[in-house]
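Nothing in this text is a laboratory measurement; each read-out follows from the coordinates by a stated rule. Being a predicted model, the structure only gives us computed values, none of them experimental. Positions of Cβ are generated from backbone atoms using ideal geometry, with glycine treated the same way; all protein chains shown enter the neighbour counts.
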Amino acid sequence: AAMVQKYQSPVRVYKHPFELIMALAYERRFPTCPLIPMFVASDTVNEYKSEDEAIHVIERRCKLDIDAPRLLKKIAGVDYVYFVQKNSLNRRERTLHIEAYNETFSNRVIINEHCCYTVHPDNEDWTCFEQSASLDIKSFFGFESTVEKIAMKQYTSNIKKGKEIIEYYLKQLEEEGITFVPRWTPPVACKLESSARPARRPASPAVNIPDSATKEGSNNKEILNTAGSPSEPTAGTPDDKLDADYIKRYLGDLTPMQESCLIRLRQWLQETHKGKIPKDEHILRFLRARDFNIDKAREILCQSLTWRKQHQVDYILDTWNPPQVLQDYYAGGWHHHDKDGRPLYVLRLGQMDTKGLVRALGEEALLRYVLSINEEGLRRCEENTKVFGRPISSWTCLVDLEGLNMRHLWRPGVKALLRIIEVVEANYPETLGRLLILRAPRVFPVLWTLVSPFIDDNTRKKFLIYAGNDYQGPGGLLDYIDKEIIPDFLGGECMCEVPEGGLVPKSLYRTAEELENEDIKLWTETIYQSASVFKGAPHEILIQIVDASSVITWDFDVCKGDIVFNIFHSKRAPQPPKKDSLGAHSITSPGGNNVQLIDKVWQLGRDYSMVESPLICKEGESVQGSHVTRWPGFYILQWKFHSMPACATTNLPRVDDVLASLQVSSHKCKVMYYTEVIGSEDFRGSMTSLESSHSGFSQLSAATTSSSQSHSSSMISR
């Protein structure tokens with residue numbers, strides 16, 4: 001199988017004018033360069049200079065001595081590899097483009113590289129450098145993966161060398177006292193000049209260039225604010241690209257390939273993702289969680305973005321106030337930071353009545369609370385990154401188990417804990433820098449065997465467990481946390497504001513029904529409506545259309561089960577639904593909304609017609625779409641139970657499978673939906689594109705490809 005590797009560099013900003021960089025990048029490296037030992041020789045194949053000397057194109061054939069095992073060179077039958085390199089310098093526009101490709105083995109391996117030097121959009125005395133490359137190995141005598149490794153290694157070291165070389169030559173020029181190279185100016189009395197210049201430039205190009213450059217960079221101001229605090233401006237980079245200094249300061253030391261993965265994933269999100277784009281450090285966490293495998297990271301990141309939208313997680317810190325019970329009895333809170341500058345979260349789990357909290361609040365509110373803690377953690381990491389002047393992307397958690405007893409092994413409590421761990425693992429990867437478990441009692445191993453299968457291996461390596469008072473000895477707490485902030489309850493001298501926990505009074509317990517209703521309320525604090533769908537009882541809503549070419553838009557999330565989504569049109573109004581249409585189901589669905597509008601005696605094709613092909617939507621999917629109405633009348637949107645042979649396709653142990661303690665009717669689905677009718681004149685998309693495909697059923701997680709039907713192929717986000 002062919003492998004294609006891509007590389008995209010961040011923007012490197014040199015705080016020197018373009019002409020000075022050219023004097024070295026360009027003139028000093030050829031024909032051979034002592035600093036690049038693999039660069040053996042180069043011959044000029046082609047050269048072109050424009051009359052006014054603004055344009056200089058030179059094509060060279062370069063001979064490289066690749067650092068590869070002798071055996072491989074022997075098999076391949078070559079000692080040297082030849083590349084063709086084409087440099088196009090435009091002194092008027094102040095750009096240099098370098099393109100290179102391999103000549104040797106070009107039918108087996110295709111290497112393309114593109115580098116460009118341009119003027120910084122915000123400062124005409126600075127120069128930006130960017131490079132991208134692709135490697136496509138079609139075949140190589142059965143040594144494809146070896147060749148790939150060698151090529152990647154070689155390339156990565158060249159990237160580093162390239163940077164060092166420029167810096168070396170800059171020093172050299174300084175020592176020689178050359179700090180200024182004049183800009184190109186058009187020759188006087190040159191009649192050819194006007195025809196040689198591209199038409200779009202106004203009359204005096206040399207002066208005008210900074211102008212157009214600042215226009216392109218005009219959206220930089222927003223970028224500056226997201227990049228760092230205003231007190232510490234990072235160099236703004238063109239088109240919201242990442243620059244190397246910013247990465248080092250805010251994201252850490254990444255290898256060139258890691259930088260490339262981050263840049264490519266971020267670019268993909270900007271091009272295809274409809275919602276809020278996560279911060280760079282958060283994208284990086286998902287890449288780290290999947291060892292920088294860009295496809296795997298993209299998949300979990302998309303699932304997490306869908307989940308964030310579904311649960312309105314972006315607004316949790318600003319809009320959600322935890323119930324009083326939590327504030328009083330949840331024994332956890334933030335407490336200064338550890339020795340590495342990571343925010344420190346203290347949880348007195350042993351003092352906490354998990355059973356009481358679950359009974360008084362239900363799982364949803366507890367989960368919500370944990371999410372708000374994680375969101376706060378992300379915020380504190382950003383804060384500490386600014387304060388300590390280095391990237392801090394995770395927090396430390398100190399869990400005190402003093403007081404843990406059999407009560408904590410109450411099944412629903414453990415189930416709630418496992419679900420919370422599962423959600424946090426999936427959506428906040430690589431946020432836990434270290435977990436210190438203190439005063440582990442004798443029942444702890446039992447809890448640990450229940451919990452550990454749900455914890456990612458990477459995360460598990462960060463656990464340190466101390467029994468009894470071991471944490472006070474060598475290798476204990478003092479290695480990780482400054483003496484001054486060790487909390488009083490652990491024998492330190494720092495007053496810790498974390499609530500003491502204690503038993504939740506039984507008077508605060510709620511019945512299962514109340515909690516079920518409460519859970520639904522938590523969902524519907526948003527603009528979304530919630531509906532239940534049962535086998536044999538779809539949920540239907542009515543939209544009356546007066547103006548024929550209106551646009552019905554919808555946005556729904558399938559929270560539970562698989563459903564089929566349909567749209568019908570009818571000329572006559574359906575009868576208002578009967579109250580008892582649920583029949584036996586009304587008992588099992590407190591608070592769930594379930595309405596049928598289509599009369600049992602109506603016939604499809606006679607009383608109503610289908611205007612879109614049915615769309616099957618799986619649990620966890622987020623679907624947006626629209627339909628241009630062709631006729632006035634009544635439109636019915638329907639969510640119907642999708643019956644299908646059960647198949648276990650998930651590879652992780654699901655909480656509910658492990659502890660089958662949850663009785664859930666398998667015939668109930670849950671949907672959160674929001675619909676809106678937009679007049680054709682207000683619709684942002686062009687009407688014609690909507691007409692032609694009838695609809696854009698689209699998924700958050702994949703770019704939509706409209707086929708002749710209304711379906712689009714979509715990556716499923718579970």
Quiz prompt | Low-density loop positions, trypsin sites (Lys or Arg not before Pro), the stretch 384-456 - DSSP coil, at most 12 other Cβ in 10 Å | solution = R442
Quiz item: Between E271 and E497, what is the label-to-label distance in nm when each label sits 7 Å out along the Cα-to-Cβ direction?
Solution: 4.6 nm
Quiz item: With N residues in the stretch 5-176, what two-decimal value do you get for its Cα radius of gyration over 2.2 N^0.38 Å?
Solution: 1.09
Exercise. Multiply the residue separation of K296 and R379 by 0.36 nm, subtract the distance between their alpha-carbon atoms, and state the gained length in nm to one decimal.
Key: 27.3 nm
Practice problem: Along Cα→Cβ, 7 Å out, is where each label goes; now give me the distance between the ones at D328 and V40 in nm to one decimal. | Solution: 8.2 nm
Quiz item: I75 to V446: FRET efficiency via 1/(1 + (r/R0)^6), r the Cβ-Cβ distance, R0 56 Å, to the nearest 0.05?
Solution: 0.45
Practice problem: Grab the beta carbon distance between K153 and V84, set R0 = 30 Å, and tell me the FRET efficiency rounded to 0.05. | Solution: 0.85
Self-check item: FRET efficiency estimate (nearest 0.05) - Cβ-Cβ, N458 to E402, R0 22 angstrom
Solution: 0.20
Quiz item: Please identify the chymotrypsin sites (Phe, Trp or Tyr not before Pro) of the stretch 126-194 that satisfy two criteria: DSSP loop assignment and at most 16 other Cβ atoms within 10 Å. Which are they?
Solution: F141, F180
Quiz item: In terms of the Cα gyration tensor, with a ≥ b ≥ c the square roots of its eigenvalues, is the stretch 296-413 rounded because a/c is under 1.5, prolate because a/b exceeds b/c, or oblate?
Solution: oblate
Quiz item: Once the piece of chain linking D67 and H114 is laid out straight, how much longer is it, given 0.36 nm per residue of separation minus the C-alpha distance between them?
Solution: 14.7 nm
Quiz item: Exactly which trypsin sites (Lys or Arg not before Pro) in the stretch 449-480 are in a DSSP loop and have at most 13 other Cβ atoms within 10 Å?
Solution: K461
